[in-house]
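A.B. asks: Dropping a structure here in structure tokens format, bear with me for questions.
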Amino acid sequence: MIRRVMVLGIVMAALTWFIGWWGVLIVSIGWGLVAETHTNPARTAALAAVGAWSVLLLLTAMQGPVWTLAEMLSGIFGMPAVVLLVVTILFPVLLALSSAALVGELKRLRTT
Amino acid sequence: MRVIRIGVTVLATVVLVYVGGWPSGPLPALGRFLDPVHGVWSVAMSTDPPRDDRLIVDGLQSSVEIEYDDRGVPHIFATSTEDAVWALGYVVARDRLFQLELQTRATAGTLTEVLGPDALDADRFQRQLGLAWSADREWAALDRGSPAARLVTAYAGGVNAWINGLAPSQLPFEYHLLGFEPQQWDPVHSFYLTRRMGYTLTYSTIELWRDDVVQRVGDGATDALFPVNAPIQEPIQPGGRENYPWFDTSPLPPPSPLSLLSHLSPLSPLSHLSPLSGDEVGRRASNNWVVSGTRSSTGLPILAGDPHLNLSLPSIWYEVHIVVEGELDAYGVTIPGSPGLLIGFNRDVAWSLTNVGADVLDYYREEIDDLAAPTQYRLDGAWERLERRIETYRDPSGKTIAVDSMYHTHRGPVRVVGGAPYSLRWTNLDGYAGKTSMAFDAAARATSVAELADAFRELYPSSQNVVMADRHGSIGIRSTGWFPLRPDGAGVRSQDGTTRSADWSSRWPVETYPGAIDPRQGYLASANQQPLDPFDNAAYLGVNWPSPWRAMRINRLLREDSSVTPDEMRRFQTDPGNERAELFVPLFLETAREGGGVAFDMLRSWDRRFVREDTVAVFFERVMDEVKARVWDELLDDPSDESSRRVATPSEQVLWRVLQQGDSPWCDDRRTEETESCAAIVDQSVERAFQNTVERFGQPGAEWRWERHRRQNIYHLLGIGPLSRLGISVQGGSGNLNPSSGRGTHGASWRMVVELGSQVSAQAIYPGGQSGNPVSDWYDDRIDKWQVGELDDVLFPESAGRLGDRMIGRVTLLAGGGR
């Protein structure tokens, strides 16, 4: 399970790097298609998304003042800086979760 | 159950894909926005100047070296002018790309394409003025091989090279927020900028709202309230009278009796024009001055530049040093979009600008065949065809949201104001942007004051007073611009558009422009005052001049100091002395009743210095407001309603002329039975202002401190609060050399002191920083020093590699062959 999450996370991060946030959707749908239904592909995709975008955000933070930026954005959007960072991770998680789960459901529908 | 699960996952996925890929309400498309690599977070990765980049680029003739010093200033070393200008476009785009885009769109009237329909009114206004339209026409007619065309084309090449090589992390913050991509930079966009500056510095509507004033006080009185000649003279060209400042103490003509004003209308159709008083016009203000070696402590000429403009983050200015081997070695500030330095110095000369305030715009009352569907206008008894252009406005999705027809007579665009059509004749719409670029290019290469003066002969659209100095000891000042000659002599009233005889005949001969070279007094100064004393030359140059408080102050300081140091020049820029208070307070005290009470005591003991800890200035400003409200009651939109606004407010120098007269009929409040004297008005005003100030801030004390009331506000270009620096207390107020008034959004935008000798010594600052990236250390790093009037030492190396440990980054641009 951990290995699967790590591999999926690396692919997700790489695709995000090259084509942007759509990479999360593509990897999650792909994973939903190839993974066995009983392995809970949605959960795996969600965990991979957490890992992928957290690492990417961390890499960005190592190269510049992300927290300063978060504080500035918090002033613009009227929410705490930490919430913005959480939302940044939550968005790919929900996207990965819902899209992988959708594919899983459709697969099940087809087999029955 | 399964159906529900499928339904939920479908819905969740669709919603997430939608909010990820498309903007929803005020939110940007979240997927792109939050993406740690390509989204807003990546902005944090591009905060510093480049460490040591080597890039192969198309468009250069040979390699260019750019070194960044620790103030974020790029020093460009090139072997040809075009390469240097190309590199200028490149570095400006690197630091100020969004600013370039926003100001271009604001001028072109295409803001709706990125901001949506909310920007439609602003776009319509800009397109109606025809700034971009006229710039496009100039560009279309310009020979592409001309020096001006080559300059702006090279600049565009540099800007576009940056845009085309943009990494996601280099996309400015604002693009992420608004969710759009940068447009390519067209060479004509540099001409747009020239038009925009012309608009900022010369646009006026006095001829339109003047009729509102005439309705209330009569024609003669209107001329006196908004005079062609300032009642206090401190001209930029040393004048022929024995002493300056010179005061016109003759009585002001009285307002017309109410009974004569038969057609007074409480709600004027022109009221939306928001007339500015002379002093508000003066907020588009600036100072510059120069002393020759005979009046400096070192025996060398020293020049101070201090242009005042709307303050913004990033700043309107961008600081840069440009070196072209054997040709050019100049330092100063450019405005993003301009292919050269506007204010600055080289090894031989220095120059700075202030706004002349000349009248270079006239309105003509036109007779149109059909206002609903115009096709022709009446001219010399015949119908002439109106030129028509169609303007289309689109929203961010590209959908058309409005289409307008705009019309032109042979003079310029037609505006319908208060139901009446006017055409606009304005030098800013003539084709002079190319000449302007060449004027600044020639200035940067000048080696003497004479050459500088010659370089600026054709600086037309936004007429400027150029103060100059050279290292040989010469100093000078010259007004520049295209000053029209009118058939009736003056351009105070709107003109009859039905006859060609009302058209401008030509312009002032350049030889007669205000100016002086090496005057006996050993110093020169300008601060937007009337440039020529009418005693010496009564030709019409403009109207409603701002009160010359700053001009009086700097002239006083320079007269009193025959051994000026560069540091004194710096301190003058934020000098707390205020000639306005020096003139009005004694006048108020003269009129005081016996003793006059505690309020008058405060004024009596006041040193009239607008320092931050002062506790009387706040009260004095309220007195001024009260006096104006009482004296100018004739100008209320609705005289029966005290809360209604004035249709216009004369400048304070006119108010002074009224008050010193003592029994001026203007002091009488026409709404009361009795006849008030000026003394009574002052008495009431001082008492009322004191009561108001106490009611608002308590008894005199800490709450009255000037720093609690007078603040500068430097807004981000989009007005975004967290990206702005607000509430900056400063030394200065209305009429100070460091002016601060109104909303505090206007002020000293660039301060520079240059001493010219065998070595050039320069100090400078502006309120902001070089970078447009809000999380960069160079975004607002200069504001704290600017606030207290300090300047940075400027690095002016003669060749590459001499910045030593002050160099923090370098870019080498290698010519890739293509152009």
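Throughout, read-outs are computed from the coordinates displayed, never taken from laboratory work. All values reported here derive from a predicted model rather than from experimental measurement. So basically every Cβ, Gly included, is an ideal-geometry build from the backbone, and we count neighbours across all protein chains shown.
A.B. asks: Under a 5 Å amide H to amide H cut-off, with H placed in plane at 1.01 Å, what residues pair with B:Phe483 once short-range neighbours are removed?
C.D. replies: Correct list: B:Trp508.
A.B. asks: Could you give the length gained by full extension between B:Phe180 and B:Gln699, i.e. 0.36 nm per residue of separation minus their alpha carbon distance, to one decimal place?
C.D. replies: Extra length from B:Phe180 to B:Gln699 when fully extended: 181.5 nm.
A.B. asks: Still on this structure, I have one more. Which helices count as membrane-span-like in chain B under these terms: full DSSP H, at least 15 Å along the axis by C-alpha, Kyte-Doolittle mean of 1.0 or more?
C.D. replies: Details: long enough: B:2-21 (28 Å, 1.74); B:81-108 (29 Å, 0.01); B:131-141 (16 Å, -0.28); B:147-164 (25 Å, 0.49); B:188-202 (21 Å, -0.11); B:206-217 (16 Å, -0.25); B:433-445 (19 Å, -0.01); B:549-560 (17 Å, -0.84); B:579-591 (19 Å, 0.44); B:617-631 (21 Å, 0.30); B:678-697 (28 Å, -0.05).
Within chain B the helices that satisfy the rule are B:2-21.
A.B. asks: When the convex hull of the Cα atoms of the protein assembly as shown is projected onto a plane and the area is averaged over all directions, what value comes out in nm²?
C.D. replies: 44.9 nm²
A.B. asks: Let me ask something else. Taking the Cα centroid of the stretch B:208-242 and of the stretch A:1-42, what is the distance between the two, rounded to the nearest whole Å?
C.D. replies: 76 Å
A.B. asks: If you place +1 on the Cβ of every Lys and Arg and -1 on the Cβ of every Asp and Glu, how big does the dipole about the Cα centre of the protein assembly as shown come out, in debye to the nearest 20?
C.D. replies: Value, rounded to 20: 3260 debye.
A.B. asks: Dipole of chain B (Lys/Arg Cβ +1, Asp/Glu Cβ -1, origin at the Cα centre): which of B:Val611, B:Ala748, B:Gln183 lies farthest to the positive side?
C.D. replies: With unit charges placed on the Cβ atoms, the residue in question is B:Gln183.
A.B. asks: Also, I was wondering about something else. Loop-only check: which trypsin sites (Lys or Arg not before Pro) in the stretch B:126-211 are DSSP coil with at most 10 other Cβ within 10 angstrom?
C.D. replies: Counting only loop positions with at most 10 other Cβ atoms within 10 Å, the trypsin sites (Lys or Arg not before Pro) in the stretch B:126-211 are B:Arg144.
A.B. asks: Relative contact order of chain A, please, whole-number percent, based on alpha carbon pairs below 8 angstrom and at least 6 residues apart.
C.D. replies: 37 percent
A.B. asks: Any idea which of A:Ile19, B:Leu208, B:Trp508 is furthest toward the positive side of the dipole for the protein assembly as shown, if Lys and Arg beta-carbons carry +1 and Asp and Glu beta-carbons -1?
C.D. replies: The Cα lying farthest towards the positive end belongs to A:Ile19.
A.B. asks: Another one. So, with +1 on the Cβ of K and R and -1 on the Cβ of D and E, and no other charges, what is the size of the charge dipole of chain B about its Cα centre, to the nearest 20 debye? Numbers along the way, then the final one.
C.D. replies: On the way: 78 positive and 108 negative charges, 307 e Å.
That gives chain B a dipole magnitude of about 1480 debye.
A.B. asks: Net charge near B:Met624: determine it from the other residues with C-beta under 9 Å of the C-beta of B:Met624, scoring Lys and Arg +1 and Asp and Glu -1.
C.D. replies: -1
A.B. asks: With the cut-off at 1.5 for a/c, could you classify the stretch B:510-589 from its C-alpha gyration tensor as rounded, prolate or oblate?
C.D. replies: Details: a/c = 2.27, a/b = 1.18, b/c = 1.93.
Oblate, because a/c is 1.5 or more while a/b does not exceed b/c.
A.B. asks: Please state the relative contact order of the stretch B:48-138 as a whole percent: Cα pairs under 8 Å, 6+ residues apart?
C.D. replies: 16 percent
A.B. asks: Give a residue-ordered list of calculated ³J(HN,Hα) values for the stretch B:177-187 (Karplus: 6.51 cos²θ - 1.76 cosθ + 1.60, θ = phi - 60°; whole Hz; x for Gly, Pro).
C.D. replies: Per-residue couplings from phi come out as 5, 8, x, 9, 9, x, 7, 5, 8, 9, x Hz.
A.B. asks: Return a whole-number percent for the relative contact order of chain B, with Cα pairs under 8 Å and 6 or more residues apart as the contact set.
C.D. replies: Dividing the mean separation by the residue count of chain B yields 21 percent.
A.B. asks: Run the quick spin-label model on B:Glu327 and B:Ala373: label points 7 Å from Cα toward the beta carbon, then report their separation in nm to one decimal.
C.D. replies: Label at B:Glu327, label at B:Ala373, 5.6 nm between them.
A.B. asks: Write down, largest first, the equivalent ellipsoid semi-axes of the stretch B:761-819 in whole Å, where each equals the square root of 5 times an eigenvalue of the alpha-carbon gyration tensor.
C.D. replies: Values: eigenvalues 152, 62, 21 Å².
In descending order, the three semi-axes are 28, 18, 10 Å.
A.B. asks: In Å and from the alpha-carbon atoms only, list the Rg and Dmax of the stretch B:717-762.
C.D. replies: Rg and Dmax of the stretch B:717-762, Cα atoms, are 15.5, 46 Å.
A.B. asks: Another question about this same structure. Using +1 at the Cβ of each Lys and Arg and -1 at the Cβ of each Asp and Glu in chain B, identify which of B:Ala629, B:Ser651, B:Gly769 lies farthest towards the dipole's positive end.
C.D. replies: Farthest towards the positive pole: B:Gly769.
A.B. asks: If you place +1 on the Cβ of every Lys and Arg, -1 on the Cβ of every Asp and Glu, and leave all else neutral, what size is the dipole of chain A about its Cα centre, to the nearest 20 Debye?
C.D. replies: 400 debye
A.B. asks: Give me the percent of DSSP beta bridges within chain B that run antiparallel, rounded to the nearest 5.
C.D. replies: Within chain B, antiparallel bridges account for around 85 percent of the total.
A.B. asks: Right, something else. For the pair A:Thr111 and B:Arg711, what calculated FRET efficiency results from E = 1/(1 + (r/R0)^6), where r is the Cβ-Cβ distance and R0 = 56 Å, to the nearest 0.05? Please report the intermediate quantities before stating the final value.
C.D. replies: Working: r = 70 Å, r/R0 = 1.25.
In this case the efficiency is close to 0.20.
A.B. asks: Additional query: Give me the net charge of B:Arg124's neighbourhood, meaning all other residues with Cβ under 9 Å from the Cβ of B:Arg124; Lys, Arg count +1, Asp, Glu -1.
C.D. replies: The answer is -3.
A.B. asks: Right, something else. Amide H of B:Asp70 versus every other amide H placed in the peptide plane: which residues, excluding those fewer than 5 positions away on the same chain, fall under 5 Å?
C.D. replies: Amide H neighbours of B:Asp70: B:Ile808.
A.B. asks: I would also like to ask the following. Applying 1/(1 + (r/R0)^6) with R0 = 60 Å to the Cβ-Cβ distance of A:Trp67 and B:Ser63, what FRET efficiency is obtained, to the nearest 0.05?
C.D. replies: 0.95
A.B. asks: Between B:Arg671 and B:Asn164, with labels modelled 7 Å along Cα→Cβ, what's the label distance in nm to one decimal, could you check?
C.D. replies: Each label point is offset 7 Å from its Cα along the Cβ direction, giving 6.6 nm.
A.B. asks: Find me the longest stretch of chain B that has none of the exposed GluC sites (Glu not before Pro), where exposed means in a DSSP loop (not H, G, I, E or B) with at most 11 other Cβ atoms within 10 Å. Display every interim value, and only then the final one.
C.D. replies: Working: sites that count: B:Glu242, B:Glu594, B:Glu613, B:Glu642, B:Glu673, B:Glu674, B:Glu798.
So the longest stretch without any such site is B:243-593.
A.B. asks: Assign one of three labels to the stretch A:1-66, namely rounded, prolate or oblate, based on the Cα gyration tensor with a ≥ b ≥ c the square roots of its eigenvalues; rounded applies when a/c is under 1.5, prolate when it is not and a/b is larger than b/c, and oblate otherwise.
C.D. replies: prolate
A.B. asks: Using the basic label-point model (7 angstrom from Cα toward the beta carbon), what is the B:Arg802 to B:Asp454 distance in nanometres?
C.D. replies: Between B:Arg802 and B:Asp454, the simple spin-label model gives 2.7 nm.
A.B. asks: For B:Thr298 and B:Thr447, FRET efficiency with R0 = 25 Å and r from the beta-carbon atoms, rounded to 0.05?
C.D. replies: Efficiency, from the Cβ-Cβ distance: 0.75.
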